[in-house]
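The values are calculated or read from the model by the stated rules, or taken from the named source; none is laboratory data. Model, not experiment: these values are computed from the prediction. Positions of Cβ are generated from backbone atoms using ideal geometry, with glycine treated the same way; all protein chains shown enter the neighbour counts. Surface accessibility is based on the protein's heavy atoms, side chains included, excluding ligands, DNA and RNA. Shrake-Rupley method; radii C 1.70, N 1.55, O 1.52, S 1.80 Å.
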Amino acid sequence: MEIKKLFGKDAKSITDVFYFYNHFSAKIFNIYPRKGAILPGSDADIIILNPNSSFEMSAKSHHSRLDTNVYEGRRGKVPV
């Protein structure tokens, strides 16, 4: 995964990308440090990312009201 291609020249790592989108968004909406930080008293969503993993999309593995998935059978690089 090339971070600079996906998120611009200033992004050095995926950590920078998550920091930018979470930290600064929380500050803009005036909810920092309750959100956008991993600190005592803050509630945070943590993603454990393995960039070497892959997965196959299917209706069984992804929640939907429908019993089909338009991406059925496609392979993805990083499951979230």
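When residue 30 is tested against (1) modelled with pLDDT of 80 or more; (2) open to solvent by less than 100 Å² (accessible area, probe 1.4 Å), just one condition goes unmet, and that condition is (2). The residue list 25, 64, 13 contains one member that is at pLDDT 80 or above and of a type in the set (Gly, Ala, Ser), which is 25. Filtered by the rule that a residue be charged (D, E, K, R) and either surrounded by 10 or more Cβ atoms within 10 Å (Cβ to Cβ) or modelled with pLDDT under 80 (or both), the stretch 35-59 gives 35, 45, 56.
For the stretch 32-78, name all the residues that are touching a residue at least 12 places away in the same chain (Cβ under 8 Å), assigned to a loop (DSSP other than H, G, I, E, B) and more than 27 Å from residue 16 (Cβ to Cβ). Correct list: 57, 58, 59, 69, 71, 72, 73, 74.
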